[in-house]
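First the structure, in the form of C-alpha cells, and then the observations on it.
Derivation of every value follows stated rules applied to the coordinates shown; laboratory data play no part. Here the structure is a predicted model, which means the values were calculated and not measured. Cβ placement follows ideal geometry from the backbone for every residue including glycine, while neighbour counts extend to all protein chains displayed.
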C-alpha cells in the first residue's frame, strides 16, 4: 500500500539538477573540441561540432523543462523552489555562453586565432571548462546532503564551491591576460574587437558556473 504522506518526499528535483549538470559538462567537452577544430585551420567539421553543441543544449533544455514542469504540487522540498530555479537558470546560462562563443567564432570563419594568441586562448578555454566540470560534483554532493542533512556532507559541498570560485578567478585572470595581449599585438580594429569580445564570451562560461555555485551555497546555508 502506498503511503500518501511519504509520497510527498519521493520526487526530488536534485536528481534532475545533477542530470542537467552532466549534460552541461558533456556540452563543455564538445565546445572545447569545436574550439580546437576552429583553430586547426584544416578542420572541416566545425559546423558539425557546432550542431553537436546545439543538440546537447537542446537535450539540456528538455531536462530543464522537465524539472520546471514536473514538480508536483505538494512535494516537500528542503529549499524554496525559486532558489532551485535560479540555480537551474545559472547552470543553463553556462550552455548559452558556450553557444554564444561558437556563434561569435563562426562570424569570422577564415580568420582563425592569431598564432601568437592561440596558446593563451587554449588556456582560457581549459580554464573555463574546469569550473563547469565541478558543477557535476556540486549537484551530486548536494543531492546527498539534502537526503541526510549531514553537517559533514554540507561542508563537502561548500569545499567544492570554494574550489569552483578559485578556478573561476583563474579563468578571470587568463581572460584579462588575453585581452591585454590582444591590444598589445593586434593593429586591426575589427580583429581587436572580435578577439576581445571572444575572450569575454568564453569567460562568461566560468562566470555563470560560479553564479550557480553561489546559488547552491545559499541553498545549503543554515
Calculate how steeply helix 81-106 sits against the longest principal axis of the alpha-carbon atoms of the chain, using the helix alpha-carbon long axis, and give the answer as 0 to 90 degrees to the nearest 10. 20
Return one number: the angle in degrees, 0 to 90 and rounded to the nearest 10, between the long axis of the Cα atoms of helix 151-185 and the longest principal axis of the Cα atoms of the chain. 20
So for the stretch 10-133, Kirkwood radius off the Cα pairs, Stokes-Einstein at 20 °C and 1.002 mPa s: how many µm² s⁻¹? 135
Over the chain, how many percent of alpha carbon pairs lie in each 10 Å bin up to the one with the longest distance? 8, 32, 30, 18, 9, 3, 1, 0
For the stretch 110-170: rounded, prolate or oblate by the Cα gyration tensor [a/c cutoff 1.5]: prolate
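Ranked from highest to lowest mean number of other Cβ atoms within 10 Å per residue, what is the order of the peptides 156-165, 50-59, 200-209, 106-115? Write out the running numbers ahead of the final one.
On the way: 156-165: 18.6, 50-59: 17.1, 200-209: 24.0, 106-115: 12.7.
Packing proxy ranking, top to bottom: 200-209, 156-165, 50-59, 106-115.
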Per-bin percent of Cα-Cα distances, the stretch 117-222 [5 Å]: 2, 14, 22, 17, 13, 10, 8, 6, 4, 3, 1, 0
Computed over the chain, the relative contact order (Cα-Cα under 8 Å, seq sep at least six) in percent reads 29
